[in-house]
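This report refers to the structure that appears directly beneath it.
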Amino acid sequence: MSSLELTNISKRFGAVSVFQGLSLTIAAGEFVAFLGPSGCGKSTLLRIIAGLERADSGEIRLGDQRIDTLAPGARGVAMVFQHYALYPHMTVRENIAFGLRNGGAPKAEIAERVAEAARVLEIGPLLDKKPGTLSGGERQRVAIGRAIVKQPRLFLFDEPLANLDAALRTRTRLELAQLRRRVRATMIMVTHDQVEAMTLADRVVVMNQGEIQQVGTPMQIYDRPANTFVAGFVGSPRMTLAPVGLVPGDARFATVRLGDGSQVSTRVPRADLPSEGLLLGLRPECVRLGPPRPGEPTAQVEFIERLGDRTLVYVKLGDGTAVTAEDKGASQAQVGQTVGLRLAAAAAHLFGPDGRGHHAAGRAG
Amino acid sequence: MTAAGVKGPSLAGFTPAGLAGVALAAAVMITPLLWTVGLSLKPNFELMRDTSSVFGPPYTLENYRAILANSNVFRWVFNSTVVSLSTTFGVLALSSLAGYAFARLEFRGRRALFVAVLLGLAIPEQAVIIARHQMFSALHLHNTYPGLILPGLSAPFGVFLMTQYFRGIPVELDEAALLDGASHFTIFWKVLLPLTLPAQATLGIFTFLASWNDYWWPLISATRSSMFTLTVGVASSQMNFAQTSGLGYLMAQAVFASVPILIVYALFQQHIVRAVAGAATR
C-alpha cells in the first residue's frame, strides 16, 4: 500500500487546457472515486497517473517514489479498463499471466499467483477459455484478476461498471467492495455514476472542467456541497436551487424569501453570507407535500414519478420556481393539484453569487 | 457482414431466374477451363486436324509426359516457389511492421510518409520498369533470386491494408500491455500481430497468387533458363507454331502451371473466400 501525491499537474491537448496546477493527495490504502460529467478530465487524470498520458508539468509520487518519469509498466500500477482490454487471442490464464511473464517471473510463481487470483475471483473454471466466450461480468473479473495478480501498489479502475447491465452492476459493485477488503491496496476509480462513487469510495473527488470542485467523504459531498456544481451533480434527482432574497434582521441564522414571497428560516449562519444573489438549495427529501397552510409556500403539481417506495413530485411555486419534492410510498398528489410544501429548513443550503456553498451549522460531515 | 460470418455456397434465396443466371455465368466461366483440360489430354496430331475431336477418345497423358521430360520444368517450379514464398513472407513482414508503425507509433513525418506510400499505388509498374532494369543491371541482380524477389516487396497496398487493420484494433490493448510491462516489440509481436491474422491471410494469398502468376518482370530480369520462373519457362518452351502444331502440349503446360495455384486454393479456400468477401463488403 502506498500513498499517491499529485503536485501541480498541468495538461494541455493543443489549445485546450485540461488541468492547470492540479494537486491531490490520496492516503495509503484509501479508495478514492473521481466523479464528474463526461469531459471533466477525470479519465485523463487517471491515464496520467497510469503513464498512458504524459503531464506537461507537475510531479506524481507513489509512496516515496517519483513515478511520472517511469514507463507505465514500471510504476507499480495496475488498471482495469472500461472495455476490459483483454487480449482476445489469449486464454484467461494467459491474459492474467501476461504481465508476470513480461516481468520475468519464474514459471512456478506465475502459476501460483494466477491460481491464487483465480481462487479469489472464483474464475478457476474460466482459465482455459478465451475472453470472447465469457459474459460481461466474467470478463470484468478476468480484467480485475489481471490487475491483482501483479500485486500493484495502486489500482486504477476506469468506469469499471459502465458496461454492465443494471442487475450485474449492483452485484459487481458489491464484489468490488468485497475485493477491496481482501486486496489491501490504494485504489482510484473513475466514474460518472454517483451511486458507484458514494457506495464504494472512502473519499470522492468531484471534478468539472479540469478542476477539482470538492474532495470529501461521500456524506460530506452530499451534505455539504462546496458549490452549486457539486450540489447539482451529486444527488438524484438533483437538488433544487431556487433564487432567494435574504430577509434583513440580526438573528444568528439566515431567513430567506422565495420568489412567491414565502419565507424559509434556515440553520445557515448569517455571518458570512453575501446580501444578494443567493440560491436556496433543497434536496427532494427535504421537501414534503401536505395541504396548503398559511405562511408556507404553496405550489402546483406539474409532474409525478412513482418509484414504488417513494414518489417524486415536481411542483412549481407561484413565481414559476421549479421545486422537486419527495413523498413516501404512493403519493396521493395529482397533476394540477395545489399543494403545500413542508420544508425541512434545517437541512437547507445557501449558495452565494460565486456559487460557494453555505451550510447549516453542525450538520454531518 | 463480417469475414467470420461468410458461409459456404447456398442456393437459398435464389429465384429460378437468378439461379439460371448464376448457372449460366458458372458455365461461361468453367467452359474455357474444361476446354483447356480437354485439349491437354488429346494427341497433338489429332488436334491439328480438328479441335472438335476433344469431345471423343482417344485421350492421352502424352503431353504431360513431354512436359515432365523437360529437365528444366522442375527447376522452374522450384524458382517460382522460392520467389513466390519469399515475396509473400517479405511483403507480410514489411507490411505488418510498416502498418504497425503508421497506425501506432508517433514520429515526425508520419503522415507525409504514409501519403508517399499511398502514392505508390498510383504508379504503374510500366512507368518504372526501365529505371528498375538499369538499377538491377548496375547492381548485377539480374538472373538472381533477389533480382526476382525484391521488386515484389514494394507493396504499398499491403502497407495500406495492414495500417488500416492495425488502426481497427482498440488502442486499449496496447495500453493494457504497456501497463503489463510489455515493450513496443512485445506489443507488436504478442498482442497485435496475432489479431491481424485475417488480414495477413488475405494479403498473403493475394501476394502469392500475384507473384506466382507474374510474367513480365521475370521475363525481363531472368534471361538464363535456369532462373526462369514457371510462367516464363513454360512460355519459352513454346514453338512459333505451337497453337497449330502443339496445341495439346500448350494446353497441358497451362494446366501444369495452374496446379500449384489449385493446391494453394484447396489449402486456403476458406481464407480466400473470406478475403474476397471481405474486400467486397468492407
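The values are calculated or read from the model by the stated rules, or taken from the named source; none is laboratory data. On a predicted model such as this, the values are computed, not experimentally measured, just so you know. Please note: Cβ atoms are built from the backbone with ideal geometry, for glycine as well, and neighbour counts cover all protein chains shown. Each accessible area value is taken on the protein alone, full model and side chains, heavy atoms only, with ligands, DNA and RNA left out. Shrake-Rupley method; radii C 1.70, N 1.55, O 1.52, S 1.80 Å.
Couple of notes before you dig in:
- When you count the other C-beta atoms within 10 angstrom of each residue and take the mean per peptide, B:25-37, A:7-19 line up highest first as A:7-19, B:25-37.
- Within the listed set B:Leu113, B:Leu230, B:Leu153, the residue fluctuating most in the Gaussian network model of chain B (springs between alpha-carbon atoms under 10 angstrom) is B:Leu113.
- In range of the label at A:Arg184: residues from region A:1-43 whose backbone nitrogen is under 13 Å from the point 7 Å along Cα→Cβ: A:1-2, A:28-30
- For region A:115-273, the C-alpha radius of gyration sits at 1.46 times the compact-globule guess of 2.2 N^0.38 Å, with N the residue count.
- Peptide A:66-76 shows a mean partner chain C-beta count of 2 within 10 Å per residue C-beta.
- Peptide A:80-89, shielding by other chains (average Cβ, 10 Å cutoff): 5
- Rolling a 1.4 Å probe over the protein heavy atoms gives the protein assembly as shown an accessible area of 49 Å² per residue.
- Helix axis angle, B:247-281 relative to chain B longest principal axis, alpha carbon, degrees: 30 degrees
- Most positive-pole-ward Cα, B:Ala127, B:Ala266, B:Leu39, against dipole of chain B from beta carbon charges: B:Ala127
- Top of A:Gln194, A:Gln214, A:Gln20 by mean-square fluctuation, Gaussian network on chain A, Cα under 10 Å: A:Gln20
- Value in Å of the Kirkwood radius, where chain B supplies the Cα pairs that are averaged: 22.1 Å
- Amide H to amide H distances under 5 Å link A:Ile188 with A:Val32, A:Phe155, A:Leu156, A:Phe157, where only residues 5 or more positions off or on other chains count and H is placed in the peptide plane.
- Antiparallel DSSP beta bridges within chain A, as percent of all bridges there, nearest 5: 75 percent
- Annotation: the antiparallel percentage among DSSP beta bridges lying fully within the protein assembly as shown is about 75.
- Counts of other chain beta carbons within 10 angstrom of each beta carbon in peptide B:168-177 average 6.
- Solvent-accessible surface ranking, highest first, for B:Ser84, B:Ser226 at 1.4 angstrom: B:Ser226, B:Ser84
- Think of chain B as a dipole: +1 on every Lys or Arg Cβ, -1 on every Asp or Glu Cβ, centred on the Cα centre; then among B:Gly152, B:Leu195, B:Thr81, B:Gly152 lies furthest on the positive end.
- Estimated at the nearest 10 Å², the accessible area of B:Tyr265 is 90 Å² with a 1.4 Å probe.
- The H on the amide N of A:Gln337, modeled in the peptide plane, is under 5 Å from the matching H of A:Val301, each at least 5 residues off or on a different chain.
- Given A:Lys107/B:Lys190; A:Lys42/A:Lys316; A:Lys130/B:Lys190, the pairs whose alpha carbons are separated by over 25 Å: A:Lys42/A:Lys316
- Comparing Cα centroids, region B:139-154 and region A:46-103 end up 45 angstrom apart.
- Computed extension length for B:Val171-B:Thr81: 28.6 nm, one decimal, from 0.36 nm per residue of separation with the Cα-Cα distance subtracted.
- Crossing angle, helix A:107-121 versus chain A [Cα axis fit, 0-90 degrees, rounded to tens]: 30 degrees
- Whole-Hz Karplus values for region A:12-22 come out as 10, 10, x, 7, 8, 8, 8, 10, 9, x, 7 Hz, taken residue by residue from phi with 6.51 cos²θ - 1.76 cosθ + 1.60 and θ = phi - 60°; glycine and proline positions read x.
- Think of each Lys and Arg Cβ as +1 and each Asp and Glu Cβ as -1; about the Cα centre, that makes the dipole of the protein assembly as shown roughly 680 debye.
- Tilt relative to chain B, helix B:110-119 - C-alpha long axis, 0 to 90 degrees, to 10: 10 degrees
- Nearest-20 debye value, region A:1-116 charge dipole, Cβ charges on Lys, Arg, Asp, Glu: 280 debye
- Rounded percent of accessible protein surface that carbon and sulfur make up, region A:233-358, 1.4 Å probe: 50 percent
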